[in-house]
Amino acid sequence: MTYCVGMLLEEGLVMVADSRTNAGVDHISTFAKMSRWEVPGERVLVMMTSGNLAVTQAVVNMVSEGVGAEEETLLTVPGMFAAARLVGRALREVWREDGEAMEAQGADFTAAIILGGQVRGRPLRLFQIYAAGNFIEATADTPYFQIGEAKYGKPILDRGLSATSSLTEGVKLALVSMDSTLRSNISVGLPIDLVVYERDALAITQNRRIEEGDPYFTRISERWSRALRTAFSRLPDPEW
């Protein structure tokens with residue numbers, strides 16, 4: 001499994017993904033779930049994936065090398081809506097090529113994708129794309145998407161995040177959400193990939209890989225745990 005979070009904020013984007021894949025507790029591997037396409041001054045696109053690794057890797061390769069007769073890629077699309085449609089086309093193409101064979105082998109065709117970014121002269125946008133190739137877009141009312149093991153980190157985002165949150169606040173909330181998921185689900189694990197993009201910068205602002213023992217992530221985890229214990233100890237006792 002995996003856990004990925006993408007946030008569309010007034011200041012820009014925050015994208016966080018773990019890198020664990022597993023086919024049972026005795027077969028755990030590390031594969032990056034985040035891919036980046038950047039032409040400084042012209043475009044920045046970031047994609048995070050969950051689901052069947054063979055399916056999602058095929059999609060990443062197709063949108064990098066070319067989809068369809070025109071061989072369109074994420075480096076040639078005119079804007080983010082076209083980028084989301086291209087990823088959807090790639091998913092459907094993978095299904096046409098491999099879906100029947102996968103079903104015959106009892107393999108599930110599963111994929112969920114978060115795609116965010118900006119092309120010069122176009123707005124910053126964030127999409128969640130489904131296995132069928134259709135997609136939805138983040139809005140001010142719903143400024144974030146999750147894929148993978150979403151349930152453990154969702155309450156934190158629902159309580160703390162809004163479209164007006166700063167990028168710094170978004171990073172902290174994303175990492176606390178990830179930490180809560182790591183503690184509750186063995187199928188999600190380090191390293192964590194983090195990208196921060198400032199609106200209209202047309203270059204990635206921060207690109208970090210958080211490994212085991214990372215000082216900042218360790219500090220965030222420990223302080224969040226202490227804060228929760230303190231808050232719990234201060235709750236009023238029942239009056240009955």
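Please treat every number below as a calculation from the coordinates, not as lab data. In this text the structure is predicted, and so the values were computed from the model without any measurement. Cβ coordinates were reconstructed from backbone atoms using ideal geometry, including for glycine residues, and neighbour counts include every protein chain displayed.
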Practice problem: Stick to Cα atoms and the Kirkwood definition of Rh, then tell me Rg/Rh for the stretch 112-177. | Solution: 0.98
Quiz prompt | Debye log10 I(q)/I(0) for the stretch 3-233, one point scatterer per Cα, at q = 0.08, 0.11, 0.13 Å⁻¹ | solution = -0.29, -0.55, -0.76
Practice problem: Would you kindly derive the ³J(HN,Hα) couplings of the stretch 206-220 from the backbone phi angles with the Karplus curve 6.51 cos²θ - 1.76 cosθ + 1.60 (θ = phi - 60°), listing them in order in whole Hz, with x for Gly and Pro? | Solution: 9, 9, 10, 10, 9, 9, 4, x, 4, x, 5, 5, 4, 5, 4
Exercise. Distance between Cα centroids, the stretch 55-93 to the stretch 152-195: provide it in whole Å.
Key: 28
Exercise. Between ASN207 and GLU70, take the C-beta separation as r, use R0 = 30 Å, and let me know the FRET efficiency to the nearest 0.05.
Key: 0.50
Quiz item: What residues qualify as long-range amide H neighbours of VAL188, i.e. H under 5 Å apart, gap of 5 or more or another chain, H built at 1.01 Å from N?
Solution: none
Quiz item: Which length gain, in nm to one decimal place, applies between LEU235 and THR164 when the Cα-Cα distance is subtracted from 0.36 nm times their residue separation?
Solution: 22.7 nm
Quiz item: Amide H to amide H under 5 Å from SER166: which residues, 5+ apart in sequence or cross-chain, H placed 1.01 Å off N in plane?
Solution: none
Exercise. Kindly state, as a whole number, the per residue volume in cubic angstrom of the convex hull around the alpha carbon atoms of the stretch 1-100.
Key: 111
Self-check item: Cβ crowding within 10 Å averaged over residues, with 30-36, 105-111 ranked highest first
Solution: 30-36, 105-111
Practice problem: Compute the distribution of all C-alpha to C-alpha distances in the stretch 46-91, in bins of 10 Å from 0, and list the percent of pairs in each, rounded to whole numbers. | Solution: 29, 59, 12
Practice problem: Scan around GLU42 for amide H atoms under 5 Å from its own, H built in the peptide plane at 1.01 Å from N, and keep only partners 5 or more places away or cross-chain. | Solution: none
Quiz prompt | Integer Hz, Karplus 6.51/-1.76/1.60 couplings in order for the stretch 2-7, x for Gly and Pro | solution = 7, 8, 10, 10, x, 10
Quiz item: For the chain, what is the mean residue ellipticity at 222 nm derived from helices alone (per DSSP H run of n ≥ 4: -39500 (n - 2.57); sum divided by total residues; nearest 500 deg cm²/dmol)?
Solution: -10000 deg cm²/dmol
